Structures are given as structure tokens and as C-alpha cells.
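Colleague: Below are the C-alpha cells for one structure; questions will follow.
The values are calculated or read from the model by the stated rules, or taken from the named source; none is laboratory data. From a predicted model like this one, the values you see are computed outputs, not experimental measurements. Note that we place each Cβ from the backbone using ideal geometry, even for glycine, and neighbour counts take in every protein chain shown.
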Amino acid sequence: MKRIFILLLLVVCITYSYAIDIKGKIVDKQDQPISYANVTLLSKNDSSYISGVVTDNDGNFKIEGTNACILKITCIGYADKIIGSISGNLGTIILSDNNYSLHEVVIRGQRPRTRIKNDALVTTIEGSSLSKAGTANDVLCKVPGIVKGNDGIEVIGKGTPLIYINGRLVRNKSELDQLSSSGIRDVEVVTTPGAKYDASVNSVVRIITIKPVGEGLSFDNRSVLGVNHYVHGLDELNLNYRYKGLDIFGMAEYENHRSRTINEILQDTYLSSHHRQSDLMHRYEHNKLYAGKFGINYMLSDKQSIGLVYNIFSTPIHNSSDIATTILKDEELYDSSSGYGTSKGENIQHILSGYYSGTFNKWSLDANIDMLLNHQNDNQSSVETSSLSGNRNVISTDSIHNHLYAGKIVAGHHLFKGDISFGTEISYVNRNDTYDNVENIINGSATKIKESNAALFAELTQKIGKTSTVLGLRYEHVDSRYYENDIKMEGQSRKYDNLFPSAMLSFPIGNINVRLSYSRKISRPAYSQLSSNIEYINRYTYQSGNPYLKPSYRDYASVVATYKWLTAMVDYSHVKDYIITSYSSYKNDSTIALLTKDNVSGYNSLSAMVAASPSFGIYHPSLMIALEKQFFNVDFCKEQKSLNNPVGIVRFNNDINLPFDSWLNADFSWRSAGDVENMHIKKSWQFDLGIYKAFMHDKLSIKFACTDLFKTACKKLTLYSDIRKIYMNKSLDTRNLELTIRFNFNAAKSKYKGTGAGDSEKGRL
């Protein structure tokens, strides 16, 4: 260990002795600052990329380099400028206008380059083949370290991330589809979030857009027509008006989506006798989305801005299902039943957010407030027949009200060779959940959770030459109070006081950039998982939360390295009180399974990833190979069952630049069989195909895509829990044909700079 420390110290000293701070200001011929210009540092030997930054709103930039470098400055609408002899302060640099007119531009994009920058893996999208991928969702699925999950994207080894667009939290996945890939500059994947993020945040994806141009009115419309088993579609309109420091923006969206699911379930229950239950379920979903947004942003000065935005989401739901069930007891017919049910309800959500952002000399200040109101109601009705238990009708209602209030203040100051930031974040949640069953097959219940969270945090960033360090510490106090029928339950009410440290060290080894990191995190149960309400699913399956569920704590250690178009990552985590899905018998009735959540001990995991993104003329392939392995034993039939088989992941993306500004995308993904939590997952694979064509200098674009062309992305798994082994074969409408038409003019985007508050609590509602 001492030798490693001495070696790192020598590296730091050597890099510092040759490093210089290169800074300057970029303006046009009218002496107006040029913001968001690309400043790239290249090697004098082979012109290879070393690092890069963009200019701020005043045209200023600062980058660390050496005398053995050259500087290249590029910006749309201006001639490129190369400076061969660089020193500390370059002063004012004037860019000349491009004097030639553009007719049809054929973009020959290169593969995006992934590099280490501060706390993130940064992939440049602008000017690459991924700028023609379609939407932000399409881009994220192709970025190193990210894979498609069951409910969206996942960061390898870290699960579902928080996603930000220009510092603003994405609260609805439709926002990712609203953002065109051509408007994205960078995607930053943070695998070890620092102290300024809530301790429950295991990963973050930050999307940085290209600086908007033009004033006046802008317009962006996206229409999608798709076919899976049913025809579905959406239409979305974005409007923006900008004049000097004033920015007014709004959005309206309508979506009509239908889908079908076929679910085969085989359940073995081992008691004194062997019960085998087979279910065949068809589920039909018809969901609509009405969404709207209105906001205003005002630049008080070049260094200060305020803003307010209001979002509303309304999702009417109309689902139906039918199920046929057969139960064998010691291989003889015990019961057979069938049922038909409907579910009608609505989910309405209001979000009001405001911010202030400003800089004062060497100080910066960001303040955010958020208020969220959410109401969900679900009315279920089912008709069941049974050869053993007789026929019955079941009617139930479930009503949920969520209130969230949150605030966050972060102050920053330049310190030595870096910055120090510190702040506080508070949130308060009030959740009411009422469940009622008319026939009293399940007793009605009413639960309430009141939870407050107060946090203090500080983070120090320092650079010495090419070596950078980040040290962070976050303190959180949580007071959670649990009520049943308005009576506080002391056993389920708790208080937590925790410290969450984080550390990061980045440095070069030759042409390889390396980052070492450590962090301690917490995973809090969702509020629905803490409710003791028992919900009726069907005659043989109930569902409930667990008010005794404890949060789980994770210690992460990771190594990331990049070399040209190669990226590698290894991540290890140790988890205490890991949360898994479990099945038990309801009131000792072996025929009724109760689906809930439980804490388990002894869970560790290891993940590794290698990604390569070379470029060969018009052909831009990208290959990612990953491995996820857990170390976990589960209690099954009074014995310990090891579930340690690794899961292999392969993703092979192929982008081909065709003539006339068109692109062909052919993407293959494969996931091997392996163990995840207390489940054994069968292998699956998927092939996607798409073609993109732009017109009128990207003002109009058309994309035709087919997802899961061969319909192979089915989900098969076996779950082990207590005395039950459950096999599931879920067939979804994964094969989907979609035609997307997008039109825009004067493509200005909102300057809203709010970062949000209470982000982790929003994810638990």
C-alpha cells in the first residue's frame, strides 16, 4: 500500500510540473462573446484528442494542458481556429464567420468518444453517429455503462438512475422522448454520486444539450404512430418564446397506448403435501396520458436567473384480465377455477418547482423548491368460479394521496486548485393509503406515513496537474412515523441518523485515464412497500407491503479506465439488509400466496464492463460486454439455496451513414441465463432495426423503427421463496413498429436551470 501511495505521489508531482492552466475569451468580429464554443486540446505529435471544454455564457474557458499541445476552437457558424503555440493566458480570441452558404449538408459523424471527467463517464453525442439516433431514449440505450431494463434504462451494477436534463430532474419518461438526439451535446454517467446527491441515489445520468440559438417563437412537434398487437400513438407539442432575458415555455402531450400480456405461472408449494398450481392469465391494458407543462425563466443578469415551472400528468387506466387456474394436491386434482376482472382508475400528479441560480465573484448559489401532489385511485371488480370453493364476486377500492414538500440550497466557492460546495436539503412527505373490500374477504385498512428528511453535505474538489480528487460527506436525519387507522404504531415508526462518505481519485497512466471511487449509500423502501394494506389480486394471490421493512445499506468500490475508444469498469458492492420479493402463506392457508417484501442478509455483488466504439468510414459499430454476479443464498424449503450464477450481457450496435443525410441502425442485445436476487432468469435476446432521414437541414425528420423484430424478448424466470418455487413465463407485446415524424423551427429550448429538490422521495411515491 505504501508503494502504491508513493507511486501515485510521483505521478501527481510529474503531471503537476508540466501542467499549465490555459484560459482565454472567445468573441466574434463584433466583440460579442461566443458561448458554448468547443475548445479542444490536441497532441502536437499525432493530433489525438486529450481533453475539451466549452465556453461559458461570457465566452470564457479554462483548460489544463502542457506546452506539447495545440488548441482547436470550433463553433457552428464560425471558421475553425487552431492555435499551435499556447501559454497560460491567451487573452481574447476572435472567430471569423463562415462566408460560404450551405445547401445540403451530409454529416459523416464519428463514433462518440467516452472519457472520464470529474465524477462521470462523459460520452460526446454532438457530431457523432448517435446524434441521429432519434430521441434521448434511443441515445441512452447505446451509451457505455447503460443497458435496457424492465422499466427503462439501468446503469450496470447500479440499477435505475436519476436522469437530469441540463440540471433539471426528469420526472416522466416522456421527457426523454421529447428531446431529440440532435439536440444533445453530452451524456454523463455517474456511477458513484457524491455528497450533493441524496444517499439513496446509486447512479445518475446527466444529459447536456446544445446551446439553443435564436430568439422569438420556437416550435417542436413530434407525432408517433405504432403497432404492436394494437395500434397506438402519441402527439406532443413544445412551444418556446424567448426575448432577451425572458423565456416562456410550454408543452402539451397526448398518448393512447394499448398492450397485451400473456402470463403463465406454475407454483409449487411444499408442505406436508405437495400443491401445484398452474395459472394462465391474459391481461389487456388501455392507458392514456394527458400531460402539460408551463414555465417561465428570467435572466436577472448574465450571472443570475430565476424560474418557475408547473407540470401536470393525468393517466386514466382501464385494464381487464382473465385467468384460468388448476390446483393439484399430491398430483390429484384439488380445484379448478376461472375468473374475469376489470380495473379502472386514474393517476393525477401536479408538480410545482422554482429555482434561483447566481454567482457572486467566486461564490455560487443555487436554491430549489419543489411541491408535488399526487392522487391515485383504483377500482377493481372480478367474477370468479370454482369447482371446490363456489362462485363469488369481489369488489375493492384503493385510494392513495401523496404530498411532498422539499427545498435544497447549495453554495460553492473556488478553493485552491478546485472548489468546495456545501448545502442543506429538507423534505416532508405525507402519504395516505386507504383500501376497502366490499365483501370483507380482506379486511379494509387505512395507513398513513409521515416522513421528514433533513440533510447537510459538503464536497471538496481539487486538481493538481492532471490528477483530481473529490471528497464528500453527507449527514441525514430521517424521522418516519407510521399510522394505522390514525393510531401511531411505535414499532413501525423509526428515526435514522447516518453519515455517508464518498471519495474519488482520477489520474492518467500514460494514455490511460483511471478513476478510483468509494461511496456508502442507502436504499429506502418505496412507500407502497411499507404499507400493511393487503390487496386482493385473485383467489389464490394477495399482495401486501411490510411496515417492518428496513432500509438497506451499500458500500461501493469501483475502478473505471478509458483509452481512446475503449472503456472498462469494475464495480463491487457489499449490502446490508438487502430488499427482495418474497412469497409466504396467507394466514397459514397454503393455497393463498402473499406477495410482499423482506430484508435478507449476506448479499454482495460484482459487475464488470468493457465497451469499444471504433469508427470505419461510414460504419460506426459499438460493442459492450458486461458481467453481473451476485453472492447470495436464499432460504428455500428449510435449506440454503445458492443463487450465484453470473449474468452475461452483450450489446452490439451498428450505425451506418447512408447517402442524403440518412442513417441505418441495426442493434443486437443478448442476456444470458443467471441469478438475480432470489430468481433464476432464463436467457433472452433482441434485434432492433431502424432507419432515419432528415430534411430541410434537420427541421424535418422521419424515423421508422422495429423493436424486437423476431419477438424473442420474453421474460422467463424461477423464483425461490420460503416453501414456494414459482416459474413465470411472461409474454409481452415487445415487437413494435413505429413511425416518428418530427418538425421544428427556430429550435430554441428553455433556459430553466432548476435542479430540483426531494428527488429521491419523488421516486418512492
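Colleague: Quick one: would you say residue 471 is hydrophobic (A, V, I, L, M, F, W, C), out of contact with any Asp or Glu (no Cβ under 8 Å at 6 or more places or on another chain), surrounded by fewer than 19 Cβ atoms within 10 Å (Cβ to Cβ) and not in a loop (DSSP other than H, G, I, E, B)? Can you show your working first?
Modeller: On the way: hydrophobic (A, V, I, L, M, F, W, C): yes; out of contact with any Asp or Glu (no Cβ under 8 Å at 6 or more places or on another chain): no; surrounded by fewer than 19 Cβ atoms within 10 Å (Cβ to Cβ): yes; not in a loop (DSSP other than H, G, I, E, B): yes.
Spelling it out, it is not the case that residue 471 is hydrophobic (A, V, I, L, M, F, W, C), out of contact with any Asp or Glu (no Cβ under 8 Å at 6 or more places or on another chain), surrounded by fewer than 19 Cβ atoms within 10 Å (Cβ to Cβ) and not in a loop (DSSP other than H, G, I, E, B).
Colleague: Sort through 401, 413 and tell me the only one that's assigned to a strand (DSSP E or B), more than 27 Å from the chain's Cα centre (by Cα), of a type outside the set (Lys, Arg) and surrounded by fewer than 18 Cβ atoms within 10 Å (Cβ to Cβ). Steps first, answer last, please.
Modeller: On the way: 401 fails: more than 27 Å from the chain's Cα centre (by Cα).
Being assigned to a strand (DSSP E or B), more than 27 Å from the chain's Cα centre (by Cα), of a type outside the set (Lys, Arg) and surrounded by fewer than 18 Cβ atoms within 10 Å (Cβ to Cβ) holds for just one of 401, 413, which is 413.
Colleague: Here are 317, 296, 312: which of them is surrounded by fewer than 19 Cβ atoms within 10 Å (Cβ to Cβ), hydrophobic (A, V, I, L, M, F, W, C) and closer than 30 Å to residue 541 by Cβ? Please lay out each step first, then the result.
Modeller: Details: 296 fails: closer than 30 Å to residue 541 by Cβ; 312 fails: closer than 30 Å to residue 541 by Cβ.
Exactly one residue qualifies, and that residue is 317.
Colleague: Report yes if residue 562 is part of a strand (DSSP E or B), under 30 Å from residue 50 (Cα atoms) and modelled with pLDDT under 95, otherwise no. Give the derivation first.
Modeller: Values: part of a strand (DSSP E or B): yes; under 30 Å from residue 50 (Cα atoms): yes; modelled with pLDDT under 95: yes.
Against the criterion (part of a strand (DSSP E or B), under 30 Å from residue 50 (Cα atoms) and modelled with pLDDT under 95), residue 562 qualifies.
Colleague: Could you identify the single residue in 79, 133 that is farther than 30 Å from residue 32 by Cα and either at pLDDT 75 or above or aromatic (Phe, Trp, Tyr) (or both)? Walk me through it before giving the result.
Modeller: Numbers: 79 fails: farther than 30 Å from residue 32 by Cα.
Step by step, each of 79, 133 is checked, and only 133 is farther than 30 Å from residue 32 by Cα and either at pLDDT 75 or above or aromatic (Phe, Trp, Tyr) (or both).
Colleague: Could you check the range 123-228 for strands (runs of 3 or more DSSP E) lying wholly inside it with 1 or more residues that are among the aromatic types (Phe, Trp, Tyr) and surrounded by 19 or more Cβ atoms within 10 Å (Cβ to Cβ)?
Modeller: Working: elements: 146-149, 152-155, 162-165, 184-190, 204-209, 216-227.
The qualifying strands (runs of 3 or more DSSP E) are 162-165.
Colleague: All but one of (1) over 12 Å from the mean Cα position of the chain (by Cα); (2) modelled with pLDDT of 80 or more; (3) not small (Gly, Ala, Ser) hold for residue 148; which doesn't?
Modeller: (1)
Colleague: Could you tell me whether the range 427-444 includes any residue that is within 23 Å of residue 521 (Cα to Cα), acidic (Asp, Glu) and either assigned to a loop (DSSP other than H, G, I, E, B) or in the same structural domain as residue 508 (by TED's automatic domain parsing) (or both)? Spell out the reasoning first.
Modeller: Of the range 427-444, the ones within 23 Å of residue 521 (Cα to Cα) are 427-429.
In the following step, the residues that additionally are acidic (Asp, Glu) were identified as none.
So far as the range 427-444 goes, no, none of its residues is within 23 Å of residue 521 (Cα to Cα), acidic (Asp, Glu) and either assigned to a loop (DSSP other than H, G, I, E, B) or in the same structural domain as residue 508 (by TED's automatic domain parsing) (or both).
Colleague: Scan the strands (runs of 3 or more DSSP E) fully inside the range 629-743 and keep the ones with 2 or more residues being charged (D, E, K, R), within 23 Å of the chain's Cα centre (by Cα) and crowded, with 16+ Cβ neighbours inside 10 Å. Let's see the steps before the verdict.
Modeller: On the way: elements: 633-636, 639-642, 647-658, 662-671, 674-676, 679-681, 684-695, 700-707, 715-721, 724-732.
Strands (runs of 3 or more DSSP E) meeting the threshold: 662-671.
Colleague: If I ask for residues that are more than 23 Å from the chain's Cα centre (by Cα), buried (at least 16 other Cβ atoms within 10 Å of the Cβ) and not small (Gly, Ala, Ser), which ones from the range 578-591 would you list? Let's see the steps before the verdict.
Modeller: Restricting attention to the range 578-591, the residues satisfying the condition of being more than 23 Å from the chain's Cα centre (by Cα) are 582-591.
From what is left, the residues that are buried (at least 16 other Cβ atoms within 10 Å of the Cβ) are 582-586, 590-591.
Listed by number, the residues that qualify are 583, 586, 591.
Colleague: Can you list residue pairs whose Cβ atoms sit under 8 Å apart, with the first residue in the range 325-336 being closer than 17 Å to residue 541 by Cα and in contact (Cβ under 8 Å) with a residue 60 or more places away in the chain and the second being assigned to a strand (DSSP E or B) and among the basic types (Lys, Arg)? Count only pairs 6 or more apart in sequence or on different chains.
Modeller: Note: pairs meeting the criteria are 327/276.
Colleague: OK, next. Scan the range 474-492 residue by residue and report those that are part of a loop (DSSP other than H, G, I, E, B) and surrounded by fewer than 17 Cβ atoms within 10 Å (Cβ to Cβ).
Modeller: Here is the first cut: in the range 474-492, the ones part of a loop (DSSP other than H, G, I, E, B) are 485-486, 489-492.
Across the range 474-492, the qualifying residues are 485, 486, 489, 490, 491.
Colleague: Still on this structure, please answer the following. Take residue 603 and tell me if it is surrounded by fewer than 17 Cβ atoms within 10 Å (Cβ to Cβ), farther than 30 Å from residue 538 by Cβ and among the aromatic types (Phe, Trp, Tyr). Can you show your working first?
Modeller: Details: surrounded by fewer than 17 Cβ atoms within 10 Å (Cβ to Cβ): no; farther than 30 Å from residue 538 by Cβ: yes; among the aromatic types (Phe, Trp, Tyr): yes.
No, not satisfied.
Colleague: Hey, can you tell me all the residues within the range 602-628 that are within 21 Å of the chain's Cα centre (by Cα) and either under 18 Å from residue 554 (Cβ atoms) or modelled with pLDDT under 90 (or both)?
Modeller: 605, 606, 607, 608, 628
Colleague: In the range 165-193, what residues are modelled with pLDDT under 90, within 24 Å of residue 407 (Cβ to Cβ) and out of contact with any helix residue (DSSP H, G or I) (no Cβ under 6 Å at 6 or more places or on another chain)?
Modeller: 165, 166, 167, 168, 170, 171, 172, 175
Colleague: Taking the options 568, 526, name whichever one is under 21 Å from the mean Cα position of the chain (by Cα) and surrounded by fewer than 16 Cβ atoms within 10 Å (Cβ to Cβ). So that I can check it myself, show each step before the final result.
Modeller: Details: 568 fails: surrounded by fewer than 16 Cβ atoms within 10 Å (Cβ to Cβ).
It is 526.
Colleague: Have a look at 606, 643, 658 and point out the one that is assigned by TED's automatic domain parsing to the domain that holds residue 736 and within 18 Å of residue 725 (Cα to Cα). So that I can check it myself, show each step before the final result.
Modeller: Values: 606 fails: within 18 Å of residue 725 (Cα to Cα); 658 fails: within 18 Å of residue 725 (Cα to Cα).
It is 643.
Colleague: Does the range 335-356 contain any residue that is of a type in the set (A, V, I, L, M, F, W, C) and crowded, with 17+ Cβ neighbours inside 10 Å?
Modeller: Taking the range 335-356 and keeping what is of a type in the set (A, V, I, L, M, F, W, C), we get 348, 351-352.
If we keep only those that are crowded, with 17+ Cβ neighbours inside 10 Å too, we end up with 351.
Yes, the range 335-356 contains a residue that is of a type in the set (A, V, I, L, M, F, W, C) and crowded, with 17+ Cβ neighbours inside 10 Å.
Colleague: So the check is Cβ under 9 Å with 6+ separation or different chains; which pairs have a first residue in the range 591-612 that's among the aromatic types (Phe, Trp, Tyr) and a second one that's not in a strand (DSSP E or B)?
Modeller: Between residues of the range 591-612 that are among the aromatic types (Phe, Trp, Tyr) and residues that are not in a strand (DSSP E or B), the close pairs are 603/577; 603/632; 603/677.
Colleague: Using the structure shown, decide if residue 461 is under 30 Å from residue 513 (Cβ atoms), in the same structural domain as residue 492 (by TED's automatic domain parsing) and in contact with a strand residue (DSSP E or B) (Cβ under 7 Å, 6 or more places away or on another chain).
Modeller: Values: under 30 Å from residue 513 (Cβ atoms): yes; in the same structural domain as residue 492 (by TED's automatic domain parsing): yes; in contact with a strand residue (DSSP E or B) (Cβ under 7 Å, 6 or more places away or on another chain): yes.
Answer is yes for this residue.
Colleague: Taking into account only those residues within the range 260-318 that are closer than 30 Å to residue 245 by Cβ and not in a strand (DSSP E or B), which is modelled with the highest pLDDT?
Modeller: Restricting attention to the range 260-318, the residues satisfying the condition of being closer than 30 Å to residue 245 by Cβ are 291-313.
The next check asks that each one be not in a strand (DSSP E or B); those that pass are 302-303.
Working: 302: 79, 303: 84.
Of everything passing the filter in the range 260-318, 303 is modelled with the highest pLDDT.
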